[in-house]
Structure formats: structure tokens, C-alpha cells
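The values are calculated or read from the model by the stated rules, or taken from the named source; none is laboratory data. All figures in this text were calculated on a predicted structure; none of them were measured in a lab. Here Cβ is always computed from backbone atoms with ideal geometry, including for glycine, and neighbour counts include all displayed protein chains.
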Amino acid sequence: SGASGASAGWFEGVESDDPAGGATRIREGRADASADWPERAVESGFADDEVDYYAKLHDAAVAAAREAAAERERADDQQLVHAVRAMDDLAAQANELAERVAEWAGSRYPDAGTGVEYARELAAREPESPVDDRLVSLARRTADLADESDAMRAFIERETPEVAPNLAALAGPTLAARLVSLAGGLEPLAKKPAGTVQVLGAEDALFAHLRGRAPSPKHGVIYVHEYVRGTRPEKRGSAARTLSGKLAIAARIDHYSGKRKPELDEELRARMEQIRGGGGTEGSE
């Protein structure tokens, strides 16, 4: 902890062989005034010399960075990111396997269907031969993947309002979670301008536009929102801009305060009524 009578400054009370304690002090500690910290560390007995001080400081700084990264990964918004990506992976695998099941079943049963729902039907059938046994088993695995995807969606719908209440209220829980996932977290989403929020999920189309191969996309994943999808094509650009503007505000409120602001819902509803009723123009915000 240091020699008696000598203050170790902002690392006071930290053992010289305790990088974790040093990491905590780096993340949480402070000094009221600047000082010659290497000299203070040597005088207090914390370090043998200046080289030793900087070696200990390096170890503590690395430990602090690792702790911060681990905490960030455990954050609730990051759990949503993982859940959304897992849900999409499960759904994609289920759909791909359902195609295989349908193709295989078509070679054996005259009433074979298609899609995940047919895989569910087939999964309930009693196999009558070794081939059927494998086919039905595959159908059951397909159904299990689809069920897990559905369960993940239910989890997302429950958790998103807790993590991002305003964003979930405006976008719906699943779309809100998808926006958080596309941005890489709630904080990155909160820092994005409305125009970027508007085209999240349309990166391929945006890059094609920048290369001069396609028109500029008017929206990304927010297209699935009823306010965009359900608006007449000539008004859809205004609807997308209005929605993305409110979503950007909601993300900032959720990240920086976490307080629910019901007035955002009413402001969005009123503006959309104007746009859909003819009060908005393609260039309006």
C-alpha cells in the first residue's frame, strides 16, 4: 500500500501487485490536482522506479479496458442484439431446412406440402420405414428451430420495452430491437442522425446508389412499420422521414434518460395523419 507517511495519490490503498484494484481506481478514481505520479508512486513504495510504475499502470489500464468491454457486452441492449441475430439465424435455418424437407417429401408423398408449417405437420407423422424415420426426424428438427425462433421473438417483445421503452412504443418491440441490433447497440443508435436511422438495413442499396447503380433508398427496415408500408407510395418518403426522426429522438431519450415520453407517440400519430391526409409534401420533414 505504500511507505508510511507518503501519500500514493489517486492509487492510495492499492497493492502494488493488484492490477484489478488498479483497474478499479483507473475507472472510478480521481485526483483533485495534478502531480508527478511516477515520483509519488516510488516515494510511497507503490513502485520500485518509474519503469515499474508505468508497467503497473499498463497492467491496470488493460484490466480496466477488459472490464469495461465485458460490462458493455453484458448490457441489456447487447442482449437484444444477440437475441435478434439469433432469431434471424434460427428462422433462416428453419426455412432452408423446410425447403429440403419439402423436396424430400415430394419424392415420397403425393400430398407433400411446403414451408415450415408443412414440416410441422410431417413432424407429427409416425414414420413407416427407415427412410421415413430420417425424413420425419429432419422435419422435427426443422420445427424445433422454428419454435426456437418464435420463442426468441417472444423474448424480444418482452424485453425491448424494458431496454428502450420509447423506441419500442413507436416502432414496436421487434422493429425497435432490430434497429438496435443494426446499429450495434442503443448508444450507437442514439448517436445516429435521423437520416441514417431511416436507411438502416438498406446498406446494400445505399452502396449501390453511391456507386451510381441505383436510386437512393428511401427507407431500410423501417419499411415494415405500418406508417411507412401502409402509406401511399407518393407520400412514403415523407412518412419514412417523419418516422425515422421520431425514432432517433426516442433512441436518444431511452439511452440518456430512460424515461417514457408518451407525447412522442401522439406527435408521431398527428404528423402521420397530416401526411396521409395530404397535409404533408414529399419534401416535408
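Among the residues of this structure, L122 does not count as one that is within 22 Å of D88 (Cβ to Cβ), of a type outside the set (K, R) and surrounded by 17 or more Cβ atoms within 10 Å (Cβ to Cβ).
Within the range 144-160, not a single residue is charged (D, E, K, R) and farther than 21 Å from A83 by Cβ. Does R158 satisfy the condition of being in contact with a Ser or Thr (Cβ under 8 Å, 6 or more places away or on another chain), of a type in the set (K, R) and not assigned by TED's automatic domain parsing to the domain that holds E263? So R158 fails the test.
Figure legend. Inter-residue proximity from the range 115-140: first residues in the same structural domain as L97 (by TED's automatic domain parsing), second residues of a type in the set (S, T, Y) and at pLDDT 95 or above, beta-carbon distance below 9 Å, spacing 6+ or different chains. Indicated pairs: V116/T142; A119/T142; R120/T142; L122/T142; A123/S137; A123/T142; P127/S137; A139/Y118.
Looking only at residues of the range 221-238 that are without any contact (Cβ under 8 Å) to a residue 40 or more places away in the chain and part of a helix (DSSP H, G or I), we find that the one that is surrounded by the most Cβ atoms within 10 Å (Cβ to Cβ) is V228.
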